[in-house]
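Quick notes on the structure that follows.
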Amino acid sequence: LPLVVLEARAAGVPLLVSDLGGLAEAVREPVGGWRFPAGDVSALSRKLEELLLDPEQLEAVEIPPAPSAEVHFARLFDVYAEVLAEQGDCA
Amino acid sequence: VKVLLVVHGFPPELLGGTELVVATDAEALVRAGCEVVVVTGTLAGAEDGVVRSVRTEESGVRVHTLARGDMHSDHWQKSRSGRISAAFEEVLTEERPDVVHVHHWTRLSRDLVLTATRKRIPAVVTLHDHFTTCLVTSRVSTDGAAACDVPLPQLCRALTSSDALGQRERSALALS
């Protein structure tokens, strides 16, 4: 997953990405931005033109918060606590 | 709590995303009061068998490196290594962690969770990529042009179309 995806999200900037690999998971239209079929230059061009002609779309898009190290680490501890609590059930 | 993190490579030798997540987690866990041990693979394969080495980072994280000489990541049937499993079990016996966290098992062996479980040590797995179902890890076509559309559990297109793999390997994969 390109870091620019996370950087854009952290900065509150919508994304226009191809539907390739992790990019497709990063943007769930219309949340976060828009996707175009990988390799489809015309589709990318059309969407860019549409956004240029109707920039209000950029303002309206909902940007989910960027994942943070703090949240990641808190979840990590939760998972460890969960498996340690279940240790007695470890076959 | 003593945490043992497993990853295919570790800084300074390897600096990819997964490796950096593990390095960052390791330091953060130490700061949070945990004892942290890392088991890592390496690109420096042992010529014969498995070579173990251990070092201690400034942070206090102990890093066990397992070098596997027979590693061939393009051969699915070699993703399990009995020698690595045995070496990993030795580390578990020595370190006695409370929890094992497997971040990646390429360059190591696919049965690390099973090995930990047999020693009654709970294991956590983070799936950083699609390696469990795709040897090129991304489920993106080999020319990079499209998402792989081969539905699981069918064989990976990259494998079935590769000239590098002979009929024998394909047959072995079909049976696995």
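The values are calculated or read from the model by the stated rules, or taken from the named source; none is laboratory data. The structure presented is a predicted model; accordingly, all values stated were derived computationally and were not measured. Neighbour counts are summed over all protein chains in view; Cβ atoms, including those assigned to glycine, are modelled from backbone coordinates with ideal geometry.
If we keep just the residues of the stretch B:81-101 that are aliphatic (A, V, I, L, M) and closer than 22 Å to residue A:76 by Cα, which is farthest from the other protein chains (Cβ to nearest Cβ)?
Initially, the stretch B:81-101 is screened for residues aliphatic (A, V, I, L, M), giving B:84, B:86-87, B:91-92, B:99-100.
The next check asks that each one be closer than 22 Å to residue A:76 by Cα; those that pass are B:92, B:99-100.
Details: B:92: 13, B:99: 5, B:100: 9 Å.
Here the answer is B:92.
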Count of the stretch A:20-44 residues which are at pLDDT 90 or above, aliphatic (A, V, I, L, M) and outside any loop (DSSP other than H, G, I, E, B)
4
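Being in a loop (DSSP other than H, G, I, E, B) and farther than 18 Å from residue B:103 by Cβ is the filter here; which residues of the stretch B:33-51 pass it? Explain how you work it out, then say what you get.
Residues of the stretch B:33-51 that are in a loop (DSSP other than H, G, I, E, B), as a first pass: B:33-34, B:41-49.
Selection gives B:33, B:44, B:45, B:46, B:47, B:48, B:49.
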Any idea which residue in the stretch B:117-136 is nearest to the other protein chains (Cβ to nearest Cβ), counting only those that are in a strand (DSSP E or B) and of a type in the set (Val, Ile, Thr)?
B:124
Matching residues, the stretch B:102-116, being within 13 Å of another protein chain (Cβ to nearest Cβ), touching a strand residue (DSSP E or B) at 6+ places or on another chain (Cβ under 7 Å) and surrounded by fewer than 24 Cβ atoms within 10 Å (Cβ to Cβ):
B:102, B:103, B:113
So residue B:60, is it more than 14 Å from every other protein chain (Cβ to nearest Cβ) and of a type outside the set (Lys, Arg)
yes
For the stretch A:47-58, check the following and say yes or no: at least one residue is at the interface with chain B (Cβ under 10 Å from one of its Cβ atoms), exposed (fewer than 15 other Cβ atoms within 10 Å of the Cβ) and more than 30 Å from residue B:122 (Cα to Cα).
no
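What number of residues within the stretch A:57-72 satisfy the criterion of being out of contact with any helix residue (DSSP H, G or I) (no Cβ under 8 Å at 6 or more places or on another chain), of a type in the set (A, V, I, L, M) and either modelled with pLDDT of 90 or more or not in a helix (DSSP H, G or I) (or both)?
Let us first name the residues in the stretch A:57-72 that are out of contact with any helix residue (DSSP H, G or I) (no Cβ under 8 Å at 6 or more places or on another chain), namely A:59-62, A:68, A:70-72.
Next cut, of a type in the set (A, V, I, L, M) only: A:60-61, A:71.
Filter once more, so that each one left must be either modelled with pLDDT of 90 or more or not in a helix (DSSP H, G or I) (or both): A:60-61.
Total satisfying the criteria: 2.
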Between a residue in the stretch A:60-89 that is under 25 Å from residue A:33 (Cα atoms) and acidic (Asp, Glu) and any residue that is surrounded by 12 or more Cβ atoms within 10 Å (Cβ to Cβ) and at pLDDT below 90, which pairs come within a Cβ distance under 9 Å, given they are 6 or more apart or on different chains?
A:62/A:30
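Based on this model, can you work out whether residue B:28 counts as in a helix (DSSP H, G or I), more than 23 Å from residue B:132 (Cα to Cα), at pLDDT below 95 and not β-branched (Val, Ile, Thr)?
Values: in a helix (DSSP H, G or I): yes; more than 23 Å from residue B:132 (Cα to Cα): yes; at pLDDT below 95: yes; not β-branched (Val, Ile, Thr): yes.
Yes: the conditions hold for residue B:28.
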Filter the stretch B:1-10 down to the residues that are at pLDDT 95 or above and within 11 Å of chain A (Cβ to nearest Cβ) and list them by number.
B:2, B:3, B:5
Could you tell me whether any residue of the stretch B:11-23 is within 14 Å of chain A (Cβ to nearest Cβ), at pLDDT 90 or above and not in a helix (DSSP H, G or I)?
yes
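If you check B:45, B:33, B:17, B:41, which single one turns out to be of a type in the set (Gly, Ala, Ser), farther than 17 Å from residue B:84 by Cβ and within 15 Å of the chain's Cα centre (by Cα)?
Working: B:45 fails: farther than 17 Å from residue B:84 by Cβ; B:33 fails: within 15 Å of the chain's Cα centre (by Cα); B:41 fails: farther than 17 Å from residue B:84 by Cβ.
Being of a type in the set (Gly, Ala, Ser), farther than 17 Å from residue B:84 by Cβ and within 15 Å of the chain's Cα centre (by Cα) holds for just one of B:45, B:33, B:17, B:41, which is B:17.
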